[in-house]
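A short worksheet on the structure shown next.
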Amino acid sequence: METLNCRSVIENPCTMCMPMGGILPFKGVAQSMVILHGSQGCATYMRRHIAEHFNEPIDVASSSLNEKGTVYGGEKNLKSGLDNLLKLYNPSLIGVLTTCLAETIGEDTDMITAQYLQERGLTDFPIVTVPTPGYGGSDFEGYWLAAKRIISALACKTKKHGKINVIIPNISPADIREIKRILLLMKTDFTLFPDFSDTLDSAFVRPYQKIPNGGTEKDDISAMPGAAATVQLSLTVTDTNSPGIYLEREFGIPLYNLPIPTGIGNTDLFINALKEITGAEIPPVLHQERGRLLDCMIDSHKYNFAGRSVIFGDPELVYAVTKTCIENGIFPVVVATGGKASNLKRLLQPHLVECPIETQILSETDFAQIRVKSMETGANIAIGHSDGRYLTEKEGIPLVRIGFPIHDRVGGQRLLSVGYTGTAIFLDRLTNTLLENKYKNYRRSMYEKHYQEKKAGERHGLQQFL
Ligand code: SF4
């Protein structure tokens, strides 16, 4: 296993910028809104990417910093932005995220928002600030930092109520719904945060709602310190950004840090943790779903062994997908993330030892390097977000889309890949992509051979008359 670290020049990055990830946990809080302190362009770029992934209108306000605000400070812009936001949306919570520009000119959003609430007589209104300069990290870091800041701003010491906190990474709304279904099957009383399963995948309703229904209730987040345990689906988040570690250190809530339940091993870990916490028996329906997944694995293994995968995206997803590939005989030849992912190599090492092929693990990388390594290692299937289409365009490596963002296809919000059922659906997508590629290339080589023989025959025939 070889690990390659960051490059000094990034060409075609393998990550989104930090505030884009920071917006998502706010979309998972009931009746909440976000304002970006920075230029209009940042907000437009992020709205566009998020809207294309979820296929929903995405409202994100902007303080519209211009040249004047940049030179003299953006306090006035941010305050009037907050006024407009309150007037137009009447939210119950506001997130203030910074951008490159606001951080570079040293805007103190904590001070500005505290002053604002004082001036407007709104001292009880929750405003959560998150410092997210684009150069400060990836969307992965932005997501987790925002999730932690929301919990730490709202959490209050509460009486024990026995619910379980379930903190989820940036997965699809369909995945969140599947996790909630499993929690209900395991008879778990839970608070899931951030819950954007409805807000970012809404049913069509009239009249249009400026803030869609759904999301974790503010009161439920405040009561998270009274839970019996926290199940956090992220092994790769840093201790500083981890909401689960925050709840453990501040309020003594036992933490079960688990991977995304994609793959049979990871789903077993999730369900067994629920069994341990609640004492509930695993219901027959989950045993049945597990059995079906095993059957699916047996059916597809004879095709999957030919797979050489390049896996990229945020470190948490990359970890779960790599494990799933190994379980199913697809050899991961390149595992890449645009973020820092300092523990990714350590986490993957025990699973990679049995792979007969060396795996290149790239962190803080870009698509230029991923492309080179994919060609060197003979990758024949790419697994990750839409930016990997570059590998298809340039090298003909087919792409199975998963993760964020998926902006060149519809249905990113409906992609299911967690739990036994979601894993089986995901595995079918992988196997069918390998099969499609095999048949395409097999036929092409067959036709090429036929064409060459025909040409040779024609040349031979012609020579007889010369
Ligand atoms: S990288 Fe910085 S300037 Fe670019 S969109 Fe993100 S926050 Fe804005």
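Results, tabulated for the structure shown:
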| read-out | value |
| --- | --- |
| In region 360-391, the residues that are closer than 30 Å to GLY22 by Cβ and either free of Cβ contacts under 8 Å to residues at least 40 places away in the same chain or surrounded by fewer than 19 Cβ atoms within 10 Å (Cβ to Cβ) (or both) | ALA368, ARG371, SER386, ARG389, TYR390 |
| Residues being touching a residue at least 60 places away in the same chain (Cβ under 8 Å) and more than 18 Å from MET186 (Cβ to Cβ) - total across region 241-261 | 9 |
| Matching residues in region 392-412 - criterion: being under 22 Å from GLU316 (Cα atoms), modelled with pLDDT of 95 or more and either in a helix (DSSP H, G or I) or aliphatic (A, V, I, L, M) (or both) | LEU399, VAL400, ILE402, ILE406 |
| Residue match in region 118-129 (condition: within 16 Å of the ligand (Cβ to nearest atom), out of contact with any Lys or Arg (no Cβ under 6 Å at 6 or more places or on another chain) and touching a residue at least 24 places away in the same chain (Cβ under 8 Å)) | yes |
| In region 319-336, the residues that are in contact with a strand residue (DSSP E or B) (Cβ under 7 Å, 6 or more places away or on another chain) and touching a residue at least 60 places away in the same chain (Cβ under 8 Å) | VAL321, CYS325, ILE330, ALA336 |
| When residues of region 130-143 are limited to those that are within 11 Å of the ligand (Cβ to nearest atom) and assigned to a loop (DSSP other than H, G, I, E, B), the one surrounded by the most Cβ atoms within 10 Å (Cβ to Cβ) | THR132 |
| Residue in region 93-101 that is among the hydrophobic types (A, V, I, L, M, F, W, C), under 25 Å from the mean Cα position of the chain (by Cα) and away from the ligand (no atom under 16 Å from the Cβ) present | yes |
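The values are calculated or read from the model by the stated rules, or taken from the named source; none is laboratory data. Since the model is a prediction, treat every value here as computed from it, not as a measurement. Cβ coordinates were reconstructed from backbone atoms using ideal geometry, including for glycine residues, and neighbour counts include every protein chain displayed.
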